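The values are calculated or read from the model by the stated rules, or taken from the named source; none is laboratory data. Just so you know, these numbers come straight off a predicted model, no measurement behind them. When we count neighbours, we look across all protein chains shown, and the Cβ atoms used for this are built from the backbone with ideal geometry, even at glycine.
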Amino acid sequence: MSKIYIQGIGHYVPAKILSNQDLEQMVDTSDEWITTRTGIKKRHVVEKETCSDLAYQASLKALEDAGLKATDLTHIVLATFTPDTYVPNGASHLQKKLGCAPTPCFDINAACTGFLYALEVGRGLCLTNPKAKVLVVAAEALTSRVNFTDRSTCVLFGDAGGAVILSTEPGKAEVKNILIQADGSLGDLLTIKGGGSAYPPKLGEPIDEKYFVEMQGREVFKYAVRSMADICLELLAKENLSSKDIDLFIPHQANIRIIEALTKKLNLDVDKVFINVQNYGNTSAASIPLALSEAFEQKKIKKGDKVLLVAFGGGFTWGASLLQF
Ligand code: COA
């Protein structure tokens, strides 16, 4: 089987910052509650920008990093659950901005695990098309689906984009393995019900809570830790590695307590864990490529390093990937 490589990495966040102090003015919460329960201090939020704007800026950076033009791309895979529109798909808006028709483009919705699902699809495209140059991008204008009167969810999320370019040509990191899993029976624990065919919008009916993120936080917490720990161990076993062999661990940046519990379960050295949740909150699908790109920019990754990625999200979905730099 051909080897698959990441050629370029990039990320983008919107300029506007919403701090915990700002949220104190909006709902009955406090910086102290948010910090101790989640580790989040601030998040970046869109004003006029859409999902495809975030994806576009991140993609330009990844393309530049790879030394490629948009017209070199053979496929665009966008992970998101907050596309600009449902039809056309979010990737079409991105492709239009990149100016690279007729490159095929489509969306993947696996909530916060979206990037790893898209990476697996991108890997498949590279394996069946040895000349492929696949843009795997994740972007969420997530605050467009956050209920800013619900204190139990509105403090958690932020907006961002992150991208990588995949190909079979040797590049900065080899994608050694990817594992993705799901359990649809747990979908109701983290959901946006409104607007789908089960809850279609009706002309003249008001938009209510079901059009925004709804979550059973405690249940999600439990499953997130267990599923991410299990899939990391499964992936490490497949690669004949132990957690001691990992140079940098990049978990989904949802909540510092989830990251700490996971680090402990995996018996990882805390110095090997990359954390930026304090600055961005949970940016869903964008969380992993944003963290990967920042870790690289901050020179936390050296040549030869083994980097383990893991994510968990609505569905439930979860996944892990091992990169060799
Ligand atoms: N500010 C102040 N109080 C808040 C609050 C906020 N922003 N949000 C909830 N509370 C209150 C609740 O109303 C509740 O009050 P009560 O005891 O008077 O009823 C109390 O805090 C405890 O609520 P609970 O939901 O049990 O808190 P928790 O310890 O489980 O923490 C989360 C809540 C959301 C931080 C936590 O469950 C969590 O991190 N879950 C995982 C979420 C996540 O990361 N999801 C995405 C995964 S992809």
If we scan the range 114-125, do we find a residue that is more than 21 Å from residue 312 (Cα to Cα), touching a strand residue (DSSP E or B) at 6+ places or on another chain (Cβ under 9 Å) and in contact (Cβ under 8 Å) with a residue 40 or more places away in the chain? yes
If residue 32 meets every condition in (1) farther than 30 Å from residue 176 by Cβ; (2) touching a Gly at 6+ places or on another chain (Cβ under 6 Å); (3) within 16 Å of the ligand (Cβ to nearest atom) apart from one, which number is that one? (2)
With respect to residue 43, determine if the residue is within 16 Å of the ligand (Cβ to nearest atom) and under 19 Å from residue 289 (Cβ atoms). yes
Looking at the range 98-153 only, could you name the residues that are in a strand (DSSP E or B) and closer than 30 Å to residue 30 by Cβ? 140
Any idea which of (1) touching a Lys or Arg at 6+ places or on another chain (Cβ under 8 Å); (2) buried (at least 23 other Cβ atoms within 10 Å of the Cβ) is the one residue 117 doesn't satisfy? (1)
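Identify, from the list 312, 296, the residue that is surrounded by 24 or more Cβ atoms within 10 Å (Cβ to Cβ) and in contact (Cβ under 8 Å) with a residue 24 or more places away in the chain.
Within the list 312, 296, the selection yields 312.
Okay, residues lined up against (1) more than 20 Å from residue 231 (Cβ to Cβ); (2) surrounded by 14 or more Cβ atoms within 10 Å (Cβ to Cβ); (3) in contact with a Gly (Cβ under 9 Å, 6 or more places away or on another chain):
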{"site": "148", "(1), (2), (3)": "yes, yes, no"}
{"site": "166", "(1), (2), (3)": "yes, yes, yes"}
{"site": "170", "(1), (2), (3)": "yes, no, no"}
{"site": "178", "(1), (2), (3)": "no, yes, yes"}
{"site": "188", "(1), (2), (3)": "yes, no, no"}
Is at least one residue of the range 105-113 crowded, with 19+ Cβ neighbours inside 10 Å, touching a strand residue (DSSP E or B) at 6+ places or on another chain (Cβ under 9 Å), at pLDDT 95 or above and closer than 19 Å to residue 171 by Cβ? no
Looking at residue 87, is it out of contact with any Pro (no Cβ under 7 Å at 6 or more places or on another chain), aliphatic (A, V, I, L, M) and in contact (Cβ under 8 Å) with a residue 12 or more places away in the chain? no
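Polar (S, T, N, Q) and more than 16 Å from the ligand (Cβ to nearest atom): which single residue out of 147, 129 fits that description?
Numbers: 147 fails: more than 16 Å from the ligand (Cβ to nearest atom).
Step by step, each of 147, 129 is checked, and only 129 is polar (S, T, N, Q) and more than 16 Å from the ligand (Cβ to nearest atom).
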Which one is nearest to the ligand (Cβ to nearest atom) among residues in the range 220-235 that are in contact (Cβ under 8 Å) with a residue 24 or more places away in the chain and farther than 17 Å from residue 282 by Cα? 227
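Within the range 255-267, count every residue that is crowded, with 19+ Cβ neighbours inside 10 Å and either within 18 Å of residue 242 (Cα to Cα) or not hydrophobic (A, V, I, L, M, F, W, C) (or both). Please lay out each step first, then the result.
Here is the first cut: in the range 255-267, the ones crowded, with 19+ Cβ neighbours inside 10 Å are 255, 258-259, 262-263, 266.
Pick out the ones that are also either within 18 Å of residue 242 (Cα to Cα) or not hydrophobic (A, V, I, L, M, F, W, C) (or both) and you get 255, 262-263, 266.
Total satisfying the criteria: 4.
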Please report, ordered by residue number, the helices (runs of 4 or more DSSP H) entirely within the range 236-301 with at least 3 residues that are hydrophobic (A, V, I, L, M, F, W, C) and within 16 Å of the ligand (Cβ to nearest atom). 256-265, 287-297
Which residue pairs have Cβ atoms under 7 Å apart, sit 6 or more places apart or on different chains, and have a first residue in the range 151-162 that is near the ligand (Cβ under 7 Å from one of its atoms) and a second that is among the hydroxyl-bearing types (Ser, Thr, Tyr)? 151/29; 155/29; 155/38; 156/38
For the range 1-29: of the residues being of a type in the set (S, T, N, Q), within 16 Å of the ligand (Cβ to nearest atom) and within 25 Å of the chain's Cα centre (by Cα), which is nearest to residue 280 (Cα to Cα)? 19
